[in-house]
Amino acid sequence: ISLVRNEWALMRIGKHDVGDYLSLGNQFKNTPGYVLLETFFAYLDFVNDQLADPADRPELHAWLIRSFSPLLQQLGYTGRPGDTPEQKQKRAVLFDGLGNVADDPAVIAQANVLVQEYMKDPASVDGTLARAAVRVAARHGNAQLYAQYKAQLQKQLSPETYYRFFFGLAEFPDPVLGQQTLEWILTPDVRAQDLYMVSNMVGNPATS
């Protein structure tokens, strides 16, 4: 874990380049567990949004899908009976990274299916995967899905489920929806303690 973070720090100060960081992640992609993958993927949003030129992103996305999609396919796109906690976490890390950074069409399609199931019955989707699915679907969602997320917040949900949809509103790519979210969180409908959703919106290139 320190190696990954040190490599990232060396890249940030110009001692190494981003290719060195990506190569490191590729070398340990088959390492048991999920923590190294989680640490590696934690910085890929920055690489995609801040470092890659628009012309370079398709190549970056293709590399990520080529390198990491086989791992997710081995685990399966949905939970399986007998999954260990480690397998559930690894699936969620890969699902989130491939869906939100690499725009993997297979992951996006599965996220849309999972979210519809989750809205009907939260118990039907593994909780570890649900957060990633809600984010991926929102990142590629439209006004119709946005309205569905807002409607979920009116239901009697567990706090965990409520906040998955609440913070999911900050992920939509349409600036018009982002403006609606900003206006909404400044109303009495949103508790003052939840105003830090603004930080999530700042992290979304479409609304920052």
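The values are calculated or read from the model by the stated rules, or taken from the named source; none is laboratory data. All values reported here derive from a predicted model rather than from experimental measurement. Neighbour counts are summed over all protein chains in view; Cβ atoms, including those assigned to glycine, are modelled from backbone coordinates with ideal geometry. What goes into the accessible areas is simple: the full protein's heavy atoms, side chains included, and nothing from ligands, DNA or RNA. Shrake-Rupley method; radii C 1.70, N 1.55, O 1.52, S 1.80 Å.
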Enter the angle in degrees (range 0 to 90, nearest 10) between the Cα long axis of helix 127-139 and the first principal axis of the Cα atoms of the chain, meaning the one along which they spread out most. 80
With every protein chain kept in place and a 1.4 Å probe, segment 163-208 has an accessible area per residue in Å² of 52
Per residue, how much accessible area does segment 83-132 show when a 1.4 Å probe rolls over the protein heavy atoms, in square angstrom? 40
Can you give the helix-only mean residue ellipticity at 222 nm for the chain, where every DSSP H stretch with n ≥ 4 adds -39500 (n - 2.57) and the sum goes over all residues, rounded to the nearest 500 deg cm²/dmol? -19000 deg cm²/dmol
Which of [x] 30, 18, 15; [y] 29, 22, 15; [z] 32, 22, 17 is the computed semi-axes √(5λ) of the Cα gyration tensor in Å for the structure on display? [y]
Give me the angle, in degrees from 0 to 90, between the Cα long axis of helix 2-12 and the longest principal axis of the Cα atoms of the chain, rounded to the nearest 10. 90
Roughly how big is the chain's charge dipole about its Cα centre, with Cβ charges of +1 (Lys, Arg) and -1 (Asp, Glu), in debye to the nearest 20? 400
Return one number: the angle in degrees, 0 to 90 and rounded to the nearest 10, between the long axis of the Cα atoms of helix 85-100 and the longest principal axis of the Cα atoms of the chain. 90
Picking from Gly127, Gly82, Gly168, which is most flexible by a Gaussian network model of the chain using Cα springs under 10 Å? Gly82
Heavy-atom accessible area of the chain with neighbours in place, 1.4 angstrom probe: carbon+sulfur share in percent works out to 53
Mean-square fluctuation maximum in Gaussian network of the chain, Cα pairs under 10 Å, restricted to Gln27, Gln193, Gln179, hits Gln193
Straight-line reach from Lys88: which lysines fall under 19 Å, measuring Cα to Cα and dropping same-chain residues less than 8 apart? Lys29
